[in-house]
Structure formats: C-alpha cells, structure tokens
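Report on one structure; see the data block that follows.
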Amino acid sequence: MTTKSTLRRRRTATGLALAGVLALSGCAGNAATAPEATGSASGGSGSGLKQPDVNGDGKVVIGVLSPGDINDHGYYQSFVDSADAFAKEKGWTIIKRGSVPPSDALTAARAMCQQHVDMVALGASELKTAIPASEEPVCGKTVWYMPSASDTDVHPRVLLSADDPNQSLFAAGYAAGLKMKAAGYTKAGFITGSKADFSVAAAKAFQAGIREVVPKGTVTSTYTGDFNDSAKAKEATQAQISQGIKVVYPYLGGATDAAAQLAEQGGALTLTPGTDRCDSTSPKFDISVIFSMGDYFHAALEEFAENNLKTGTARVWKLGVDPYPTVKICRPEGDQAKQLEQFMHKIGTDKIDPAAEVKRLG
C-alpha cells in the first residue's frame with residue numbers, strides 16, 4: 001500500500017527469521033500495554049543521541065503505533081512482525097498499539113514517550129500528525145521512524161522511508177498482464193478501501209502495467225470505503241466475478257484474505273497487497289507484490305542497533321535496484337519470471353519511466 005501512505009507500503013507477515021533467546025513483551029493485539037521484559041544494549045553516538053539505548057536507562061524499548069489492524073496478516077502486521085522478530089533477537093522490548101486514528105496520533109505518541117521508549121515507530125504516514133511530539137520535552141530522548149508519503153516533510157528526529165508506488169503497482173500490473181495474456185484474459189479488478197489519492201493512483205498504475213502486456217486489458221476499480229471490512233470486500237469481489245473478471249487485486253488491509261479466498265473460489269487470479277505470500281494455501285495467491293513496510297523497518301532497525309540510524313533524512317527504495325520493493329509470480333510458466341525480472345531491471349536502470357507509462361496507459 002506508497003508506503004500506504006500507501007497501504008504502503010511495504011510488506012510481509014514476512015520471511016524474517018525469528019531468532020533470539022530473551023522473552024519479548026508487549027501486546028499481541030491493538031491496545032497499548034506496558035512492557036514487561038527488558039534487555040540491555042549499547043550504542044555509539046548518532047544524530048546527537050546514543051543508539052539504540054537512546055535514553056540511557058540500560059534497556060532498549062521500541063514503541064510502535066499503527067493506524068491499522070496489527071493482526072491483518074498483511075501490510076500493517078508486517079511492521080510489528082519485523083519489530084518483534086528483530087527485538088527478540090536483540091533482547092529488546094516492544095510496546096505496540098494498532099488501530100490508532102490519525103486524530104489521536106499525537107496523544108498516542110506522547111503516551112509512548114511517557115513509557116520511556118527509545119524509538120517511536122509510526123506504522124504509516126497517516127500518523128504523521130504525531131511528529132510534532134518528536135520535538136517536545138516528553139519525547140526529548142527518542143528517535144523516530146516513519147514510512148513516508150510524498151507530502152511528508154523531513155524532520156530532524158525522524159528517519160523517513162519511502163518508495164514509489166508507481167513502480168511497484170506498475171510492475172504488479174505487468175506481472176498480472178503476463179498471466180492474463182497466457183490465459184487469454186482481458187478483465188481485471190482492483191478492490192480497495194477509501195477513494196483517496198493514493199488508492200486511485202495505485203489502480204491507475206496497476207492498469208497501466210497490465211496494458212503493457214495486454215493493450216486492451218481493462219481494470220474495474222471498486223472502493224468499499226473500508227480497508228478492513230471483510231463483508232464489504234466480499235460483496236465487491238462477488239460483484240466483480242459476476243462481471244467476468246478473471247484477476248482480482250485486493251488492495252486491502254484486514255479484509256484481504258476474505259476477498260482473496262472468494263476470488264480464488266470464483267476462479268480468479270489474485271495478488272498480495274505488500275507481502276510475500278506465495279507459500280500461502282488458504283487463500284492461495286498467484287502474484288506477490290512485495291512492498292511491505294516491515295522489510296523497510298527491519299533494515300532501519302539494523303542501522304539503529306549499530307548506532308547508525310540517520311534521522312533527519314529520507315531513504316528512497318527503488319524497484320529493480322534494492323531488494324524491495326519487488327514483484328514475484330508465485331507459479332510462473334515458461335519465461336514469465338524472466339520477463340518480469342527484465343521489466344523490473346529496466347525500471348531500476350531508468351530505461352522505463354513508470355510515471356510516464358502510467359500517465360500514458362493508466
């Protein structure tokens with residue numbers, strides 16, 4: 001989902017290995033909890049603050065705030081899964097809270113800082129309203145991380161992580177186009193939540209990618225108004241299948257699996273909204289579109305552990321250059337995987353301009 005600003009971004013109930021020896025505390029649901037387990041860590045100086053034990057209390061605590069359901073098996077969960085896996089390895093503590101409305105983000109961030117966290121990690125750019133707290137005394141000894149949207153400014157205490165949804169969604173459409181061409185399909189569907197700038201742009205990029213392979217391909221977009229309402233997602237999926245649509249992209253949050261399961265039952269191909277789920281059997285996915293914020297966050301945590309997190313900057317991830325974002329056909333036929341790899345390489349080397357192609361074909 002750009003990084004949701006995109007549902008964006010990002011990516012994984014993931015293939016990260018869960019290693020570690022110390023217990024990790026924090027809640028597994030959407031309500032905030034106080035930490036129990038603690039661990040010790042040390043770091044050098046960076047951005048004027050010692051990482052990872054930024055507040056110098058002898059333990060490392062990461063506070064995670066997400067605007068979505070952190071048990072959605074997809075985009076939002078990938079963020080906390082990455083934090084959990086890395087923290088367990090390091091003996092750190094995670095405090096997490098999901099389903100935070102943007103209107104409550106500032107208050108929620110202050111509450112996190114009051115629990116003596118060393119990092120405040122915002123799960124998506126919808127929570128950028130929390131950033132002013134980063135310069136308040138209550139958060140004086142914290143560093144911050146957030147997936148970036150195009151309208152997010154750089155702040156001194158925040159590392160922004162961004163990708164270009166024109167790249168990942170364009171490549172997703174291209175992968176779908178390869179499957180559609182092989183099967184003789186021309187109709188695809190795109191099901192998402194609110195009709196916002198990012199979701200409309202994602203649908204256009206998806207359609208443009210399909211038309212790179214199937215010039216007469218069409219995409220029917222349905223906006224349910226809610227990324228997590230499974231009933232609405234299933235209703236939209238059934239309506240699209242009834243129209244003869246053979247590829248369904250559930251660009252959703254918590255409602256992803258309900259839509260994908262119904263699409264699979266209806267004989268339609270499906271794609272993931274950010275994570276690698278090629279191994280999933282219920283539901284089964286045909287294409288993994290991997291832009292999980294969890295993967296980006298994992299990279300940031302590695303830097304944080306090494307006292308090398310560069311706050312006050314924005315890192316931009318590029319398709320065809322970095323490990324993420326990327327797209328994978330789960331069960332490729334013939335040279336489909338090779339064609340997709342070559343297509344992404346052309347984007348990475350600027351031989352293809354996704355923005356221009358989306359404008360032309362989307």
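A few remarks follow.
- Across 69, 53, the residue with the most accessible area heads the list, and the full order at a 1.4 Å probe is 69, 53.
- Remark: the residue 322-residue 359 segment gains 10.9 nm on full extension, using 0.36 nm per residue and subtracting the alpha carbon distance.
- Taking every protein chain into account, the accessible area of the stretch 225-362 amounts to 43 square angstrom per residue (probe 1.4 Å).
- Amide H contacts of residue 99 (H built 1.01 Å from N, under 5 Å, at least 5 apart or other chain): 66, 68, 69, 70
- Net charge, residue 314 excluded, C-beta distance under 12 Å - Lys, Arg +1, Asp, Glu -1: 0
- Using the Cβ of residue 193 as centre and a radius below 9 Å, the other residues enclosed give a net charge of 0, where K and R count +1 and D and E count -1.
- Entries of 216/338; 204/232; 50/351 with Cα pairs more than 30 Å apart: 50/351
- Packing rank of 72-79, 242-249, where each peptide gets the mean count of other beta carbons within 10 Å, highest leading: 72-79, 242-249
- Within-15-Å neighbourhood charge of residue 248 [Cβ basis; K, R +1; D, E -1]: +3
- Divided by 2.2 N^0.38 Å, where N counts the residues, the Cα radius of gyration of the stretch 237-350 comes to 1.27.
- ³J(HN,Hα) computed for each position of the stretch 82-90 - Karplus, 6.51 cos²θ - 1.76 cosθ + 1.60, integer Hz, glycine/proline x: 5, 4, 4, 5, 5, 5, 4, 5, 8
- Descending semi-axes in Å of the chain, equivalent ellipsoid built from Cα gyration tensor: 36, 20, 18
- Cα shape, the stretch 75-155, gyration tensor, a/c 1.5 rule: oblate
- Rounded if a/c under 1.5, otherwise prolate or oblate - the stretch 67-210, Cα gyration tensor axes: prolate
The values are calculated or read from the model by the stated rules, or taken from the named source; none is laboratory data. What you are looking at is a predicted structure, and each value in this text was computed from that prediction instead of being measured. Cβ coordinates were reconstructed from backbone atoms using ideal geometry, including for glycine residues, and neighbour counts include every protein chain displayed. Protein only, heavy atoms only, side chains kept; ligands, DNA and RNA dropped before computing areas. Shrake-Rupley method; radii C 1.70, N 1.55, O 1.52, S 1.80 Å.
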